[in-house]
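The values are calculated or read from the model by the stated rules, or taken from the named source; none is laboratory data. Values in this document were obtained by computation on a predicted structure and should not be read as measured data. All Cβ positions, glycine included, derive from the backbone under ideal geometry; neighbour counts span all protein chains shown. Side chains included, ligands, DNA and RNA excluded: accessible areas come from the protein's heavy atoms. Shrake-Rupley method; radii C 1.70, N 1.55, O 1.52, S 1.80 Å.
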Amino acid sequence: MERLDKMESMLGELLRQRTVKDWYSTDEVAEIMGKAKFTVREWCRHGRVHCRKKNSGRGKHRDWVISNEELLRIQREGLLPLEKTTTSI
């Protein structure tokens, strides 16, 4: 019985991993990509991925979300180039 429970648990995890969503949180993308949550949030903050802010329901703070299409693009092509900033002397 214990072995059957373990197999059901593993099957449930596989199904969860294979479920395609329209939008993913930065935490979900980090898990899928094998990166730190902070790293994915920094990609968003620096414009390295196409993403948008979504109301989180926690006051004025909004969370980044990344579309499934963008996740697939990142996996195929990598990050967008880092935007160069201009400085005046």
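Below, the figures for the structure above:
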| read-out | value |
| --- | --- |
| Solvent exposure of the chain as accessible area per residue, Å², 1.4 Å probe | 85 Å² |
| Whole-number D in µm² s⁻¹ for the chain, Kirkwood Cα-pair radius fed into Stokes-Einstein, 37 °C, 0.692 mPa s | 216 µm²/s |
| Over the chain: helical MRE at 222 nm, DSSP H runs n ≥ 4 each giving -39500 (n - 2.57), nearest 500 | -15000 deg cm²/dmol |
| Under Karplus coefficients 6.51, -1.76 and 1.60, residue-wise ³J(HN,Hα) of region 24-32 in Hz, glycine/proline x | 10, 6, 5, 5, 5, 5, 4, 5, 5 |
| Label-point gap, in nm, between Lys37 and Lys54 - each point 7 angstrom along Cα→Cβ | 1.5 nm |
| Total charge dipole magnitude, the chain, about the Cα centre, Cβ charges on Lys, Arg, Asp, Glu only, Debye to nearest 20 | 460 debye |
| Region 2-89: relative contact order as a whole-number percent, Cα under 8 Å and 6+ apart | 27 percent |
| Over region 1-48, equivalent-ellipsoid semi-axes from the Cα gyration tensor in Å | 31, 11, 6 |
| Per-residue ³J(HN,Hα) for region 74-82, Karplus 6.51 cos²θ - 1.76 cosθ + 1.60, θ = phi - 60°, Hz, x for Gly and Pro | 4, 5, 7, 10, x, 6, 5, x, 5 |
| At most 16 other Cβ within 10 Å, DSSP loop - chymotrypsin sites (Phe, Trp or Tyr not before Pro), region 1-57 | none |
